[in-house]
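Here is the structure we will look at, set down as structure tokens.
The values are calculated or read from the model by the stated rules, or taken from the named source; none is laboratory data. Not measured: the values here are computed from a predicted model. Here the Cβ is made from the backbone with ideal geometry for all residues, glycine too, and neighbour counts use every protein chain on show. What goes into the accessible areas is simple: the full protein's heavy atoms, side chains included, and nothing from ligands, DNA or RNA. Shrake-Rupley method; radii C 1.70, N 1.55, O 1.52, S 1.80 Å.
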Amino acid sequence: MPQYTLFIDGRRTEATSGRRYESVDPFLGEPWASAADGDAADVDAAVAAARRALAGPWGQLTGFGRARLMRRLGDLIARDADRLAEIETRDTGKLLREMRGQLGTIPDWFYYFSGLADKLEGSTVPVDKPNFLVYTRREPAGVVAAIVPWNSPLLLLCWKLAPALAAGCTMVAKPSDYSPASAVELAALMDEAGFPPGVFNVVTGFGPAVGKALAAHPDVNKVAFTGSTVVGAEVAKAAAANITGVLLELGGKSAHVVFDDADLDAACNGVLAGVFAATGQTCMAGSRLLVSREVHDELVAKITARAASIRLGDPKAAETEMGPVATELQYRKVLSMLDDRLGGYFVQPTVLTGVKPTMTVACEEVFGPVLAVLPFDSEDEAVALANDSRYGLAGAVWTKDIHRAHRVAHALHTGTVWINAYRVVAPDVPFGGFGQSGLGRENGIDAVHEYTQTKAVWVELSGGTRDPFTLG
């Protein structure tokens, strides 16, 4: 059984307490690896290492130097993509072919953000005082605490790590209790790439102790969290005690809006991708289908027929289309809404019709392969139904009418809208939510700005003095 340690200050180390815990393979339902069970003492050591790196060799590197290391890291991830994908599948139960696809794209995040590392420019400001030169600088936010979930552990960690490195920050990462392995593997690759000790540290641990200690740590300058809205609120509350900035990518109840002129075969595939791919365990899951009443029955028939044929099984098998739910806790949560058991952690792909907007399955995030279908009779009603949610992470519009496509996309209160597509992301496109789906943006130039602070510098040019009791 693989034995994963903490990674602090460039070294593998056991937890201060000496405790360990087992990570369970969701398909087999049995332990496959052991991880160090860290606590607040380990968080203190990791944060101190990150601060030393920030004040030392990492902080002294130019953007060009950071970019070279990031490109090297991208190459190493590409080299080890198959091995890392297999680890992710063992830890999460997600399809091996999906994880191979994710690992194939992760290097692009480091290549893209390495291109921004040497372009974090300030500006000169033409103020109304001719005896001053004023300019701005973008400086690293400092030590970043990254708390990531179990559904796409390495991808979502790198969404934070790549822009943070480009900005010149250091990081302490806390992977999910249920998927600790890949973050430790990434730390080893960063060491191989030549990153200075302390730039990236990993503290694994079972239960809330590590995450709580990180979010509330007075020497952490930014907390980046992906997970549920409930836990995100607790993270923000803990960070607020130190006036620590937060980047929160939280839950969603995203809607497909399908009009009567849509290509229904394409819409069917988009809905399948949105809620049954990854077993519905994605923050952007399109778990609500709002469909014109005129094509409701036809589209539901297409979706249910395809859902009934989805091949469930071993996530490592090439023919499998949907794997198990990742944890027993999540499995029980989904079943509490369905009372439908298949054995193991498997949940049958489920399409619910006759749903009312006030029902739990229409309002709350299931995080499983469950689709709630609601009909509409007009564009205004469709937009009202889509926006009748406390979440606002993503959504899709399906129509051949280009005017309506843009009109409805603009009206939806979500951070991402796909038109005639779903579940597409890229390193250069911002991603984040409205409402209770989060704060801030990952990916794109916006993400680098999340990890920098702007400093204004005033330079007096005349050498003169001024009245000390007058502003300016």
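The Cα atoms of region 240-294 give a gyration tensor whose axes a ≥ b ≥ c have a/c of 1.5 or more with a/b greater than b/c, which makes the shape prolate. If both residues of a DSSP beta bridge must be in the chain, then about 40% of such bridges are antiparallel. For helix 96-117, report the angle its Cα long axis makes with the longest principal axis of the Cα atoms of the chain; keep it between 0 and 90° and round to the nearest 10°. The angle comes out near 30 degrees.
The stretch between GLU319 and HIS403 holds 26.2 nm of extra length on full extension. This uses 0.36 nm per residue minus the Cα-Cα distance.
Using only Cα atoms and rounding to the nearest 10 degrees, what angle (0 to 90) does helix 402-411 make with the longest principal axis of the chain? Orientation of helix 402-411: about 60 degrees from the principal axis. Need the C-alpha centroid separation for region 259-280 versus region 382-448, integer Å. So the two Cα centres are separated by 16 Å. Taking amide hydrogens as placed 1.01 Å from N in the peptide plane, the amide H of GLY205 sits under 5 Å from those of GLY38, each at least 5 positions away in sequence or on another chain.
Here region 122-140 is scanned for amide nitrogen atoms under 11 Å from the site 7 Å beyond the Cα of SER462 along Cα-to-Cβ, giving 129-132.
Cβ under 11 Å from ASP388's Cβ, ASP388 left aside: what net charge do those residues give with Lys, Arg +1 and Asp, Glu -1?
Values: positive: LYS253, ARG288, ARG390; negative: GLU381.
Net of charged neighbours comes to +2.
3J(HN,Hα) along region 463-472: x, x, 10, 9, 5, x, 9, 10, 5, x Hz, from the Karplus curve 6.51 cos²θ - 1.76 cosθ + 1.60 with θ = phi - 60°, whole Hz, x for Gly and Pro. Placing a pseudo-label 7 Å from each Cα along the Cα-to-Cβ vector at ASP219 and THR353 gives an inter-label distance of 6.1 nm.
Quick one: with all protein chains in place, what share of the accessible area of region 7-112 is carbon or sulfur, to the nearest percent (1.4 Å probe)? Result for region 7-112: 51 percent of the exposed heavy-atom area is carbon or sulfur.
Excluding ligands, DNA and RNA, the accessible surface per residue across region 410-472 is 60 Å² with a 1.4 Å probe. Helix 296-308 and the longest principal axis of the Cα set of the chain meet at an angle near 80°.
With 24 Å as the limit on Cα-Cα distance, the pairs of LYS129/LYS455; LYS94/LYS400; LYS253/LYS356; LYS212/LYS253 that go past it are LYS94/LYS400; LYS212/LYS253.
Work out how much length ARG137 to CYS363 would gain on full extension: take 0.36 nm times their residue separation and subtract the Cα-Cα distance, in nm to one decimal.
Fully extending the segment from ARG137 to CYS363 adds 77.0 nm.
Summarising the amide proton neighbourhood of SER23: residues at separation of 5 or more, or on other chains, whose placed amide H is nearer than 5 Å comprise TRP32, ALA33, SER34, ALA35. Annotation: amide H-H contacts under 5 Å for MET171 (H modelled 1.01 Å from N, sequence separation of 5 or more, or interchain): VAL144, PHE200, ASN201.
For region 35-46, the Karplus equation 6.51 cos²θ - 1.76 cosθ + 1.60, evaluated at θ = phi - 60°, returns couplings of 10, 5, 9, x, 8, 4, 5, 5, 4, 4, 5, 5 Hz by residue, with Gly and Pro reported as x. The label point for ALA305 and the one for ALA188, both projected 7 Å from the Cα toward the Cβ, are 4.9 nm apart. Here the label points at MET1 and GLU381, each 7 Å from Cα along the C-beta direction, are separated by 5.6 nm in the simple model. Relative to the current alpha-carbon distance between PHE469 and HIS413, full extension at 0.36 nm per residue lengthens the span by 15.3 nm. THR358 sits with roughly 120 Å² accessible to a 1.4 Å probe, with DNA, RNA and ligands left out of the calculation.
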